[in-house]
Amino acid sequence: MRALLVALQFLTRLPLPALALPDTALRGRSVLYYPVVGLLIGVLLATLAWLLEPASVPLAAALVLLGWVLLTGGRHLDGLADSADAWAGGHGDRERTLAIMKDAASGPAGVSALVLVLLLKFAALATLLELRHWPALLLAPVLARAALVFLLWSTPYVRSGGIGAAQAANLPRAGA
């Protein structure tokens with residue numbers, strides 16, 4: 001149960017009781033619950049979409065997208081902007097790429113990536129809401145968080161002190 005709470009605290013901004021800083025083993029086990037957290041996010045988003053059904057599709061899509069960003073705290077968006085800036089500015093130099101990713105400021109590549117991804121998410125949400133295709137709205141966050149489990153399991157982590165380093169290093173491989 002503590003591993004699920006750690007995953008919820010890491011992946012969402014839901015008001016939960018504060019836990020003491022979890023040890024590295026617990027943070028690794030929490031990764032196994034990422035798809036469960038994705039399901040909770042999907043249920044909350046689908047419920048919001050259902051409540052907004054009387055609204056126009058574009059307004060409902062914008063509000064669901066806003067809810068999605070608020071619920072997750074935009075952590076994935078920050079990582080996307082950092083990655084885009086590093087890809088554009090790193091020029092194949094590992095140290096320069098890592099330094100750009102650590103910089104809190106977003107450059108033009110990061111801002112462009114954010115705008116484009118949010119536009120794509122808005123268009124996808126509008127289409128799903130118009131077609132009333134709720135299973136996709138439930139499934140998208142599950143698949144995204146399951147992809148995190150797969151990536152942490154299959155890919156070497158690039159920065160030893162990075163935010164997900166303890167999760168990657170302590171992920172139970174058999175469970176993943």
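The values are calculated or read from the model by the stated rules, or taken from the named source; none is laboratory data. Quick caveat, the model's predicted, so the values are computed rather than measured. Positions of Cβ are generated from backbone atoms using ideal geometry, with glycine treated the same way; all protein chains shown enter the neighbour counts. The protein model used for the area step is the full one, side chains on, heavy atoms only, and it has no ligands, DNA or RNA in it. Shrake-Rupley method; radii C 1.70, N 1.55, O 1.52, S 1.80 Å.
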Two pseudo-spin positions, 7 Å from Cα along C-beta at HIS133 and at SER160, lie apart in nanometres by 4.6
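With a 1.4 Å probe and all protein chains in place, put VAL111, VAL149, VAL117 in order of accessible area, largest first. Before the final figure, lay out each step's value.
On the way: VAL111 70, VAL149 15, VAL117 50 Å².
Ranking VAL111, VAL149, VAL117 by accessible area, largest first, yields VAL111, VAL117, VAL149.
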What are the ³J(HN,Hα) couplings of segment 137-154, residue after residue, when phi is run through the Karplus curve with 6.51, -1.76, 1.60 and θ = phi - 60°? Round to Hz, x for glycine and proline. 5, 6, 7, 4, x, 5, 5, 5, 6, 5, 4, 4, 4, 4, 5, 5, 6, 9
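What is the calculated FRET efficiency for ALA25 to ARG94, with r their C-beta to C-beta distance and R₀ = 35 Å, to the nearest 0.05? Don't jump to the answer; show the numbers that get you there.
Numbers: r = 29 Å, r/R0 = 0.83.
That pair, ALA25 with ARG94, gives E of 0.75.
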From the phi angles alone, apply the Karplus equation (6.51, -1.76, 1.60; θ = phi - 60°) to segment 32-40 and give each ³J(HN,Hα) in whole Hz, x where the residue is Gly or Pro. 4, 9, 4, x, 5, 4, x, 5, 4
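Which percent of the accessible heavy-atom area of the chain goes to carbon and sulfur, probe 1.4 angstrom? Mind dumping the intermediate values first?
Working: 7130 of 10070 Å².
Answer for the chain is 71 percent, counting heavy atoms of protein chains only.
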Positive-end extreme of charge dipole, the chain - chosen from LEU151, ALA99, LEU71 (charges on Cβ): LEU151
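When the expected Rg is taken as 2.2 N^0.38 Å, what fraction or multiple of it is the alpha-carbon Rg of the chain? Walk me through the numbers on the way to the answer.
Working: Rg = 17.3 Å, N = 176, 2.2 N^0.38 = 15.7 Å.
Expressed relative to 2.2 N^0.38 Å, the Cα Rg reads 1.10.
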Grab the beta carbon distance between LYS102 and VAL43, set R0 = 41 Å, and tell me the FRET efficiency rounded to 0.05. 0.75
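To the nearest 20 debye, what is the magnitude of the charge dipole of the chain about its Cα centre, counting +1 on the Cβ of each Lys and Arg and -1 on the Cβ of each Asp and Glu? Present the calculation step by step, with values, prior to reporting the outcome.
Values: 13 positive and 9 negative charges, 93 e Å.
Using only the charged Cβ atoms, the result is roughly 440 debye.
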For the chain, what is the accessible area per residue in Å² when the probe is 1.4 Å? 57
